[in-house]
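Trainee: Provided herewith is a single structure, encoded as structure tokens, for subsequent inquiry.
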Amino acid sequence: MPDALQFPIIDLSSPDRFSIANLIRQSSNFFSLPIEEKMKLVTKNHRGYTALHAEKLDTTLTTRGDSKESFYIGPLTDDLNQWPLEEDLPSWRCTMETYHQKLLSAVTKLLSLIALSLKLEEDFFEKVGALIEPLAFIRLLHYPGDLNSSSEEIFGASAHSDYGMVTLLVTDGVPGLQICREKSKQPRVWEDVPSMSGAFIVNIGDMMEGWTNGLFRLHSLQILAKTVLWNVWKAVAPSLVHQDSHP
């Protein structure tokens, strides 16, 4: 296995940093519910619950769907989100709404750094309208590991790239995320991505690669199914482009 990638770490947190531990705990509480309770919130309008093996990001594979379950939370202003009952999961909605707001603030800071790196004004993305009612999504993800005892290769998330501008990823420290720098070359070379407490893993989306003419590059990702992994993703796509599908 190649050595783990080494990325620069940038602290985007505010003085009132929210608790990632609480976020992971609340995510775990939801995925620990009985399947019949989770299915009451099955995905509608790209919000809600997606069951184990319901998605397969790499459609060229002949195997069954990816070994993951997920929960989407979209913009807080459009009233399309679905929420567990307060009596089932106390403070769950409040925790997720707070996380959504704070992470959107962190993404705004990150985009200002990207603008400066491109020798643009710090508020460039705000001026062109990219942050007016952004299509900002949280995706809670649970990778239960490879539950199949056969020799069939199963991924937590098969090879894919991210849509939108950027994705921020925070994990519970369990390894499994891999990246391919040269997605067009065969055979693909996959490298482990380390987890660092208190830091986000930042991935460039296809929209940002297009806008920067490849200066910020889109990479392929995959997540191994052999490990148990709790993740929280945040993908941000501007309102300038409507996204019809979400990987």
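Trainee: Within 12 Å, Cβ to Cβ, of Ile179, how many net charges do the neighbouring residues add up to if Lys/Arg are +1 and Asp/Glu are -1? Write down the numbers at each step before the final one.
Mentor: Working: positive: Arg181, Lys183, Arg188, Arg217; negative: Asp162, Glu182, Glu191, Asp192.
Once positives and negatives cancel, what remains is 0.
Trainee: Further, regarding this structure: With a ≥ b ≥ c the root eigenvalues of the C-alpha gyration tensor of segment 21-115, is it rounded (a/c under 1.5), prolate (a/b larger than b/c) or oblate?
Mentor: Details: a/c = 1.92, a/b = 1.16, b/c = 1.66.
Here segment 21-115 falls in the oblate category.
Trainee: Any of Lys40/Lys68; Lys68/Lys102; Lys56/Lys183; Lys44/Lys183; Lys44/Lys109 with alpha carbons more than 24 Å apart? Name them for me.
Mentor: Numbers: Lys40/Lys68 18 Å; Lys68/Lys102 26 Å; Lys56/Lys183 18 Å; Lys44/Lys183 32 Å; Lys44/Lys109 31 Å.
Checking Cα-Cα distances, Lys68/Lys102; Lys44/Lys183; Lys44/Lys109 exceed 24 Å.
Trainee: Quote to one decimal, in nm, the extra length available between Glu87 and Lys44 on full extension: 0.36 nm per residue of separation minus the C-alpha distance between them. Show your work: numbers first, answer last.
Mentor: Working: separation 43, 0.36 × 43 = 15.48 nm, distance 2.23 nm.
Between Glu87 and Lys44, full extension yields an extra 13.2 nm.
Trainee: What residues from segment 86-106 fall in the zone where the backbone N is under 16 Å from a label point 7 Å along the Cα-to-C-beta line of Asn22?
Mentor: Residues 89-103 qualify, since their backbone N sits under 16 Å from the label point.
Trainee: Let me ask you something else. At a 1.4 Å probe radius, carbon and sulfur cover how many percent of the accessible area of segment 69-170? All intermediate terms of the calculation are to be shown ahead of the outcome.
Mentor: Working: 2380 of 4540 Å².
The computed percentage sits at 53.
Trainee: At what distance in nm do the modelled label points of Ser32 and Met196 sit from each other, each positioned 7 Å from its Cα along Cα→Cβ?
Mentor: My value for the distance between the label points is 3.1 nm.
Trainee: Which value, in Å², gives the accessible area per residue of segment 107-217 when a 1.4 Å probe is used on the protein heavy atoms? Walk me through the intermediate numbers first.
Mentor: Values: 5500 Å² over 111 residues.
Roughly 50 Å² per residue, with all protein chains present.
Trainee: As an exercise, use a Förster radius of 22 Å and the Cβ-Cβ distance of Lys127 and Thr77 to find the FRET efficiency, rounded to the nearest 0.05.
Mentor: Details: r = 21 Å, r/R0 = 0.96.
Given R0 = 22 Å and the Cβ-Cβ separation, E is 0.55.
The values are calculated or read from the model by the stated rules, or taken from the named source; none is laboratory data. Here the structure is a predicted model, which means the values were calculated and not measured. A quick note on method: Cβ atoms are made from the backbone with ideal geometry, for glycine too, and the neighbour counts reach across all protein chains shown. To get the accessible areas, we keep the full protein, side chains included, count just its heavy atoms, and leave off ligands, DNA and RNA. Shrake-Rupley method; radii C 1.70, N 1.55, O 1.52, S 1.80 Å.
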